[in-house]
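The values are calculated or read from the model by the stated rules, or taken from the named source; none is laboratory data. Small disclaimer: the values here were computed from a predicted structure and weren't measured. A quick note on method: Cβ atoms are made from the backbone with ideal geometry, for glycine too, and the neighbour counts reach across all protein chains shown.
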Amino acid sequence: MAKSFLRRFTYFERVVHWVVGVTFVLLLLTGLAFAYPSLFWLTTFLGGGSAARVLHPQIGAVFGVGLLLMFGLWVRDMFLDSQDRQWLGAIKHYAAHERDKVPPAGKYNAGQKLFFWVQSLLGIVFVASGLLLWFPEGFGPGLLNSMRLLHYLATLGGGLFLIVHVYLGTIAYPGTARGMIDGKVTPEWARLHHPRWTGERVER
Amino acid sequence: MSDTLSIKRISASPSALIPLESLRSGGPVYSKLVDISKCIGCKGCEVACKEWNDLKVEQTSNFGSMQSHQDLSSNTWLLMRFNEVEDGDDLHWLIKKDACLHCEEPGCLFACPAPGAIVQYQNGIVDFNQENCIGCQYCVSGCPFDIPRFDKQTKTVAKCNMCIDRVEAGLEPACVKTCPTNAIEWGIKDDMLAQAEKKVETLRKRGYDHAAVYNPGGVGGTHMMYVVPHGDRLNDYSLPAHPVASPGPLRGLNVFQRIGSYLFGAGVISALAHFLAVGPESPEDHA
Amino acid sequence: MASLAATFGRGAMTNHWKDIKNADVVLVMGANPAENHPCGFKWAIEARDENGAALLTIDPRFTRTSAVADKHMQIRPGSDIAVLGGLIRYILTNNLHHTEYVQEHTNASFLVGGDFGFEDGLFSGFEEATSAYDKASWGYEFGSDGYVRRDQTLQDPRCVFQLLQRHYERYTPEMVAQIAGCSVEKFLEMAEIIGSTGRADRVGTIMYAVGWTMHTVGSQIIRTAAIMQLLLGNIGRPGGGINALRGHANVQGATDHAIVAGILPGYLKVPTPEQETLRDHLDASTPSPLVPDTSNYWGNYPNFLVSQLKAWFGENATPANEFGYQYLGKQEGDATWLSIWDEAYQGRLEGFIALGFNPLLAGPDVPRLIESMSRLKWKVVIDPFMLDSAEFWRSPGVNPANIETEVMYLPTTHWIERDGSFTNSGRWAQWKEKAIDPPDGVRSDTYVLSELFWRVKELYRQEGGAYNEPIQHLTWDYLNPRQPTLVELAKEINGFNQQTGELLSSFGELRADGSTTAGNWIYTGSYTEDGNMMSRRGTADPTGLGMHHDWAFSWPLNRRVLYNRASADAAGNPWDQKRSGIAWTGREWIGDVPDYGRTTPPGAAGAFIMTEEGVARLFSSQLADGPFSEHYEPVESPTVNALHESVPINPVINWYDGVRETLAAATDNFPYACTVYRVVEHEHFVTRNVPLLVEAMPDFFVEIPEGLAAEKGIDNGGRARVWSKRGSVEGVAIVTKRIKPLTVNGKTVWTIGIPVHWGFVGITQGSMANLLTPYVGDANTRCPEFKSFLVNVERAESSLA
């Protein structure tokens, strides 16, 4: 018997997601290496300090482009409605797996939407401050040092969100990751996590 | 003589924050002393610097000044800067030797993320090790004196190394050796400081009421000090009045990096704790 | 140098570099030692810092020397005599002169003949037809004893002191300001400091260089300064003197060895056609004492000349052939730079050998010079580097096809690649060692000259010819006669005792009977039986004054301060115990090597042993253009002569054919004064080949005052064209605050500065500054007037390389 699935992400969406995801991880690793002397060894994954320093902004450029595409693809779905706001009020029930006390989410729940907006904002900060640090000539030390601080704060924010994102997308909610792998989720999964979403039905 | 090269601080290492103690911590601490009132702007030091350090000749062109280059570069570690300043009927032709001041608290070293790319020796010299440099140029913005310069070819940063190879061999730096009017002196920092005070006294007697020693406390003092005849015109000499080793944003960065390291740890642990507390949630659980 | 000899009897820096540290006042004028003598200049800085000395600069530009000076006064190029004359007047009217010194050590008390006078810009004896002075009226008044009459009270209206006072009376501070363009206040400020050294316990020195000599009144500028220093009692004393800073490491040595026209080595005289016999020459060249109490050391002239002839012709110089006197060329006219190239210009010069310099860039009026050079049949350039002079045929604007001159270039060693001696400005002959090996196949100058000699000699031997005998009889007594070593030459210069074969140790040993040799008598004692005195490196300084008698050799006789007898009073007590040059102990002189016998008592003779007066000359008949100095405008001047409009310029300068037409006339539009100079980054033309120095000062530039640049729309760092009636240059404009407009005779005068260095050969190329300069020279030395001429300036758009 053919099992039916719901189409959660298109091929293009998945590619864009993983471009952003992979570049972000690489950026985070090298960024942490530059921020923490004790993690400088992480640069070895990219060929050592000099190579890492050259690649980091180049990867950053790819990340920036990916982020832009992602924004264009998903922004329509990311505006919060009234139920989303209620969802946010009930977030501790969501964390405690008390489904009955959580208002039903659409294709994206309010947490995901916020994640989107915060990541977009951080993306701007990353790219803007990163560009200045990449091409520092002509800029004063005060500005550059501030950019360094800003870049780091963005890293901190982005890094913490990543932890949550990966945790929730993998072990916390089995079946989620698949949506980003072959683009399909089960109707059961959808009912549980996104009851208001009626996705396109696809056959195996 | 190599004991003069025992290390005090290494960039991107714990010693950047807490200087290393060594058996030789009490050894000689050197300083250059540049008496601007004696400098005739002959550029002998500039040329000697290039010659000794084997720095590349750059194609220069006159840009309406007696000054050779518009700016320092990775191949010009020392530049004589010329500035004509009018002061009522008086004219001052301010000529300043621009090069690394070798701060006691080196902003470049503090800002550097690459372990071992910048080293400070117990004797006061701050040196860049290009083989460890990753070319991020954070030292450039970390320097309150705008000294280090990035080399686009080698993708590393360079600056005056106080002719460390000469100093190691018991010699003075090449610029000192060359200076025809003894405007640049070399010696134990305390002696140089005493000498500088004496020079300021002489200058005051000659009518330079604002003569001053430039050894700014904001960077813990420097290992190239200036005797400035017009101490009230630091700006005209392009010397910052109040340089600091770690300006606000970088101090902030240090604090946030520390906090951040805990937050990252806390984030991972929280996720695991949450997982252990409530476990995975799958549709079957609600079936 | 002519003027110093006219004043003191010797033409050389009176003191030495390190002695400058002993001064209370250092006046830098006509020089820019921070840029052109940076190493020696350290002693001026030391005087300033350790001695509390006032360091003053007077110059048309605010230079790098001015940058470290206590005070600077800007003057118009060519107004130096007005300023110095004003200083003399200031000193005399304010009674600041050192009276006892003036009485004791100068000819202030000498009476001058009644015919001497000065009126409307001319001294007595001017002959319109020849444009020269008949000096008959410039003589002293003699008493019945045959000696000059003197008035020790200095009150006689005919005494030099009174004449001097009258002559400079016209140089009031207002007149100085009117001519030089400085303010009266600034001038008085300077005068007060300079005048403060007319006391026994204070002493001042002057540093000057070609900023003074390169004028049509160059010798007289220096004379004026020398007179001033004598009035202040500053000559002969440690920390005093009038110090001629020579351009390169060995200019003094080259001068001593007769690189200048009109002398033989050691400042002996070139025979003239009238001096048919040795006797004639010696009689004409050996002065007689004018007072009973003078050493009149030039009375030994025959000893020096005959020893020189013996050094040159050896066994072929005998009493029978007048020691080879007839082998010497008898020179009519002069062989100065301008005259040599004028001969070429007139087509009377066949060939030219340039050794150790770059004639095309070193002389004035390059367009005329190119013309002159192209009229030579052949030209040889011997130099370590390819020079513009060797490629003059491809100068900008010249068509090589039109030039017939055959040019040969011989690369030779640089001094860095040889040992030998340098004589610095302070007369210290210092032996140096070879630093590096020359490139493969490059020969030394001595090899080239030696080969030239042998080949010419051989040609003459085979073919005969005019002047064969001197060539065949010339001594060439070296171990390897094809390649004399510099040690051999140094010994030859020092001289030998012919009987014993030993090296001499003092020119006191020289004889006119042929028993001694000396290539250059002032260097006798430089290489003795005890070894090479020039390579001594003892640093002991027992006097604390930096004399260092164990360091190298200082001519004459290792004396460090010339005329040091004048550092003490009549009784031999130093004017200033702290700065004692020499002092009489009752039995002998101690201190420096005395300019006087070591045991000659103080009263025996005058302090200035090289003059027939025994004293220094405030009044001197030896120069061509007057016994005192007078302000004359440069031949190209932006203004009239405020002292005498009818005689604006030096009346006795020599005019070469066609030169007057190359000067800006009043109707031409050349309103700006211009001066040329060198900068510290360069050394002659050699450094055009040194990449690091080209990097330090890359391009030809023009220094233009801010106001003028604004008027002409010239931007700093943009390009400007400057042209005179003779030529045009173009380069980067340095718009500067360091040159101000001056008010001269009620009119605004701007000054423009141009550096000399660039040509069309070498790794940096640019305009030749001497395209602009006039072909006219000092009345005495014919040194060209590089330092003051007229130009116009405009903004240039193009970028000519």
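Across segment C:419-466, which residue is farthest from residue C:484 (Cα to Cα) among those that are in contact (Cβ under 8 Å) with a residue 12 or more places away in the chain and among the polar types (S, T, N, Q)? Among those residues, the one meeting the criterion is C:425. Inside segment B:12-63, residues that are more than 22 Å from residue B:106 (Cβ to Cβ), surrounded by 16 or more Cβ atoms within 10 Å (Cβ to Cβ) and of a type in the set (Gly, Ala, Ser) make up a count of 4. If you check residue B:185 against the conditions, is it buried (at least 21 other Cβ atoms within 10 Å of the Cβ), more than 10 Å from chain A (Cβ to nearest Cβ) and not β-branched (Val, Ile, Thr)? Yes, satisfied. Name the single residue, out of those in segment B:171-205 being of a type in the set (Ser, Thr, Tyr) and part of a helix (DSSP H, G or I), that is nearest to residue B:216 (Cα to Cα). The selected residue is B:202. For segment C:223-239, a residue qualifies if it is assigned to a loop (DSSP other than H, G, I, E, B) and not charged (D, E, K, R), and the qualifying residues are C:232, C:233, C:234, C:235, C:236, C:238, C:239. From the list A:185, A:202, the one residue that fits, being farther than 27 Å from residue B:257 by Cα, surrounded by fewer than 18 Cβ atoms within 10 Å (Cβ to Cβ) and more than 9 Å from chain B (Cβ to nearest Cβ), is A:202. Applying the selection to segment B:96-107, what residues are more than 29 Å from residue C:694 (Cβ to Cβ) and either without any contact (Cβ under 8 Å) to a residue 60 or more places away in the chain or in a strand (DSSP E or B) (or both)? Selection gives B:103 alone.
The residues listed here are C:661, C:681; of these, the one that is of a type in the set (Asp, Glu) and either over 24 Å from residue C:783 (Cα atoms) or in contact with a Ser or Thr (Cβ under 8 Å, 6 or more places away or on another chain) (or both) is C:681. Residues in segment B:209-224 include at least one that is within 14 Å of another protein chain (Cβ to nearest Cβ), buried (at least 16 other Cβ atoms within 10 Å of the Cβ), farther than 30 Å from residue A:147 by Cβ and out of contact with any Ser or Thr (no Cβ under 7 Å at 6 or more places or on another chain).
Out of C:646, C:621, I need the residue that is more than 14 Å from chain B (Cβ to nearest Cβ), of a type in the set (Gly, Ala, Ser), in contact (Cβ under 8 Å) with a residue 24 or more places away in the chain and under 30 Å from residue C:147 (Cα atoms). Which one? Walk me through how you get there before you give the answer.
Details: C:646 fails: under 30 Å from residue C:147 (Cα atoms).
Result: C:621 is the single residue among C:646, C:621 that is more than 14 Å from chain B (Cβ to nearest Cβ), of a type in the set (Gly, Ala, Ser), in contact (Cβ under 8 Å) with a residue 24 or more places away in the chain and under 30 Å from residue C:147 (Cα atoms).
Look at segment B:152-163: where a residue is within 13 Å of chain A (Cβ to nearest Cβ) and a partner is part of a loop (DSSP other than H, G, I, E, B) and surrounded by fewer than 20 Cβ atoms within 10 Å (Cβ to Cβ), sitting 6+ places away or on another chain with Cβ atoms under 6 Å, you get B:155/B:135; B:156/B:135. Annotation for segment C:762-773: at least one member residue is touching a Pro at 6+ places or on another chain (Cβ under 7 Å), modelled with pLDDT under 95 and more than 30 Å from residue C:131 (Cβ to Cβ). Among the residues of segment C:487-524, those identified as closer than 19 Å to residue C:554 by Cβ, outside any loop (DSSP other than H, G, I, E, B) and under 30 Å from the mean Cα position of the chain (by Cα) are C:490, C:491, C:493, C:494, C:507, C:508, C:509, C:521, C:522, C:523.
Residues checked against (1) within 30 Å of residue B:276 (Cβ to Cβ); (2) away from chain B (no Cβ under 14 Å); (3) assigned to a helix (DSSP H, G or I):
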| site | (1), (2), (3) |
| --- | --- |
| A:13 | no, yes, yes |
| A:28 | yes, no, yes |
| A:50 | no, no, yes |
| A:71 | no, yes, yes |
| A:103 | yes, yes, no |
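Per the conditions (1) out of contact with any Pro (no Cβ under 9 Å at 6 or more places or on another chain); (2) part of a helix (DSSP H, G or I); (3) small (Gly, Ala, Ser), the sole criterion not satisfied by residue C:347 is (2).
Where strands (runs of 3 or more DSSP E) fall wholly inside segment B:1-95, the ranges with 1 or more residues that are within 9 Å of chain C (Cβ to nearest Cβ) and of a type in the set (A, V, I, L, M, F, W, C) are B:79-87. Going by the conditions given, is residue C:351 surrounded by fewer than 22 Cβ atoms within 10 Å (Cβ to Cβ) and in contact with a Phe, Trp or Tyr (Cβ under 6 Å, 6 or more places away or on another chain)? The answer is yes for residue C:351. Among the conditions (1) assigned to a helix (DSSP H, G or I); (2) more than 8 Å from chain B (Cβ to nearest Cβ); (3) over 16 Å from residue A:29 (Cα atoms); (4) small (Gly, Ala, Ser), residue A:157 misses just one, which is (3). Out of curiosity, is residue C:527 buried (at least 20 other Cβ atoms within 10 Å of the Cβ), farther than 19 Å from residue C:308 by Cα, among the aromatic types (Phe, Trp, Tyr) and within 32 Å of the chain's Cα centre (by Cα)? In short, no. Using the structure shown, decide if residue B:244 is more than 10 Å from every other protein chain (Cβ to nearest Cβ) and either within 26 Å of residue A:163 (Cβ to Cβ) or of a type outside the set (D, E, K, R) (or both). So residue B:244 passes the test. Restricting to segment B:268-287, and then to whatever is surrounded by 13 or more Cβ atoms within 10 Å (Cβ to Cβ) and over 52 Å from the mean Cα position of the chain (by Cα), can you tell me which residue is farthest from residue A:161 (Cα to Cα)? Taking the candidates together, the pick is B:283. Of all positions in segment C:201-212, at least one carries a residue that is modelled with pLDDT of 95 or more, farther than 30 Å from residue C:656 by Cα and surrounded by fewer than 19 Cβ atoms within 10 Å (Cβ to Cβ).
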